[in-house]
Each structure stands twice: as C-alpha cells, then as structure tokens.
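J.: This is the structure, below, for whatever I ask next.
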Amino acid sequence: MSKIEELFKNNREWAQDLSAKDPKFFEDLAVQQRPEYLWIGCSDSRVPAEELVGLAPGNIFVHRNVANVIVHTDFNSLSVIQFAVDVLKIKHIIVCGHYGCGGVRATLKGDRVGLADNWLRHVDDVLQKHRSLLDRSDDETNRLNHLCELNVIEQVSNVCKTTVIRDAWDRGQSLSVHGWIYGMSDGLLRDLNASASSTEEARSSYLRAIASLPE
Ligand code: CO
C-alpha cells in the first residue's frame with residue numbers, strides 16, 4: 001500500500017471509530033459547528049491544536065501559519081478572526097507558540113530560508129523591539145525560548161489591536177485573548193499570563209507578561 005493510500009485507510013478507521021462511539025457524530029457535526037475557541041498557532045507538524053487540548057472535531061476554529069504571526073494587513077488571518085468572532089461568536093482566542101520554533105530560530109540566527117524570510121521579518125520586528133531583554137542571556141537556547149515567548153506576547157497584543165477585537169469589546173461581547181506556549185519536549189502547555197478580556201486589560205496584561213518573563 002502506498003503512503004497516500006495508507007492515509008485513506010487511516011481516515012476510514014478514524015471515521016469508523018468515532019461513529020462507533022457516537023453514531024450521530026458526523027451527522028450532527030455536518031449541520032453546524034459551535035466552537036468556543038479560535039486557535040492561532042504555528043504550522044509546525046508537531047503542534048496539532050485539537051490533540052494537544054484533547055478536543056474532538058467541531059470544538060476549535062483553527063488558523064496556523066509559520067511562527068504564529070498576526071499581521072494587521074494579512075487578510076487571511078484577519079478574515080479567520082472576523083468570522084470566528086462575528087459569526088461563530090467564539091469565547092476565547094488562543095495564540096499558541098512553541099519552544100524550538102524553526103521560524104523563530106531562523107530569525108534569531110539570521111538564517112536565510114527563502115521567500116519565508118519576508119514573513120519572518122515580523123518576528124524580526126519582535127527581536128529588534130526586545131533586543132536588550134534578549135541580550136541579557138548569552139545562552140542560545142535561552143535566547144530562542146525567550147524570543148518564542150516574546151513573539152507570542154506580541155502576537156496576542158496584535159490580535160487585541162485588530163478592529164475586529166476592539167469592536168467586539170466596544171459592543172460588550174464576551175471574548176478573551178490568551179497567550180500560551182507549547183513545550184515539544186514534554187508535551188505541555190504553559191500560560192504566559194498575557195490574557196485580556198478588554199482593551200484596558202490588553203495593555204496591562206501585555207506589560208505584565210513581558211515583565212514576568214524569567215531572566
Ligand atoms: Co514554529
């Protein structure tokens with residue numbers, strides 16, 4: 001069996017397993033989705049959103065890109081956020097980075113990747129902004145971990161500053177934005193204490209999250 005055929009075989013087994021547990025699972029899901037969460041994560045194959053948090057299909061609306069970056073002019077991520085907030089009325093947005101991120105590492109080392117270098121300029125902006133904080137450590141792994149964390153905190157701030165989120169908060173919609181980071185070596189999520197549920201809280205949470213990063 002070819003590797004591609006194997007994927008179809010896996011799919012049939014997966015669908016059978018879920019149907020065996022809940023015969024109406026796919027029927028119900030086909031009618032509508034009611035996710036409470038929007039996950040904004042890295043494209044990295046080792047960070048599968050639903051699996052990490054043990055949720056079945058239908059529970060998380062997902063956007064992933066290289067290095068989990070939210071840019072104010074990127075209509076792809078903005079459209080995902082707008083649909084999630086305005087139409088699906090999700091309650092939580094989780095920006096989840098991960099330690100050992102290849103995109104963040106390339107930025108830190110100044111490695112050339114190719115076209116993606118242009119995208120990673122946004123991570124480089126984070127690096128330049130927090131250079132003095134990063135320069136406190138000479139250890140490369142420490143510096144990479146710190147930049148991965150800082151990138152999440154900055155992207156949470158970017159999400160909070162989008163017109164979609166500001167408008168939602170202005171009209172009193174219940175919505176929280178969180179910044180998490182995933183450890184690939186232990187499989188655990190950590191909260192970076194950057195959560196915000198209002199425009200005012202977004203500013204104070206950002207400052208607190210940056211200040212509370214370990215040395
Ligand atoms: Co990554």
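J.: Students often check this: by mean Cβ neighbours within 10 Å, which of 53-59, 24-30 ranks highest, and how do the rest follow?
T.: Packing order, densest peptide first, comes out as 53-59, 24-30.
J.: Calculate the FRET efficiency for SER204 and GLU140 from the Cβ-Cβ distance with a Förster distance of 35 Å, rounded to the nearest 0.05.
T.: 0.65
J.: Using θ = phi - 60° and the Karplus curve 6.51 cos²θ - 1.76 cosθ + 1.60, what whole-Hz ³J(HN,Hα) does each residue of segment 95-106 get, with Gly and Pro shown as x?
T.: For segment 95-106, the Karplus-derived couplings read 8, 10, x, 8, 5, x, 5, x, x, 5, 5, 4 Hz, x marking Gly and Pro.
J.: For segment 37-211, what does the equivalent ellipsoid look like in terms of its semi-axes, each the square root of 5 times an eigenvalue of the Cα gyration tensor, given largest first in whole Å?
T.: In descending order the semi-axes read 25, 18, 16 Å.
J.: Something else: Using only Cα atoms, find the angle between the long axis of helix 3-21 and the longest principal axis of the chain, and express it within 0 to 90 degrees, rounded to the nearest 10.
T.: It works out to around 70 degrees.
J.: Moving on to the next point. So, in Å, what gap is there between the alpha-carbon centers of segment 139-215 and segment 36-72?
T.: Distance between centres, Cα-based: 15 Å.
J.: Oh, and also: Considering amide H positions built from the backbone, and no H for Pro or chain starts, which residues 5 or more places from SER176, or on another chain, come under 5 Å of its amide H?
T.: HIS92, ILE93
J.: Same structure again: To test your reading of the geometry: what angle, between 0 and 90 degrees and rounded to tens, separates the Cα axis of helix 116-129 from the longest principal axis of the chain?
T.: Helix 116-129 sits at roughly 50 degrees to that axis.
J.: Multiplying the sequence separation of GLU51 and SER174 by 0.36 nm and subtracting their Cα-Cα distance, what value in nm do you get?
T.: Roughly 41.7 nm would be gained on extension.
J.: Which of GLY97, SER79, VAL69 sits farthest toward the positive end of the charge dipole of segment 69-120, with +1 on the Cβ of Lys and Arg and -1 on the Cβ of Asp and Glu?
T.: GLY97
J.: Below 28 Å Cα-Cα, how many Lys pairs turn up in the chain? Only count pairs eight or more apart in sequence, or on different chains, if you could.
T.: 10
J.: Cα gyration tensor of segment 1-75, axes a ≥ b ≥ c as square roots of the eigenvalues: rounded (a/c below 1.5), prolate (a/b > b/c) or oblate?
T.: oblate
J.: For labels at LYS9 and LEU29 in the simple 7 Å Cα→Cβ model, what's the distance in nm?
T.: 2.2
J.: Moving on. What is the magnitude of the charge dipole of the chain about its Cα centre, with +1 placed on the Cβ of each Lys and Arg, -1 on the Cβ of each Asp and Glu, and no other charges, expressed in debye to the nearest 20?
T.: Computed charge dipole of the chain: roughly 280 debye.
Throughout, read-outs are computed from the coordinates displayed, never taken from laboratory work. Remember, it's a predicted structure, so these values are computed and weren't measured experimentally. Note that each Cβ is placed from the backbone with ideal geometry, even for glycine, and that neighbours are counted across all protein chains shown.
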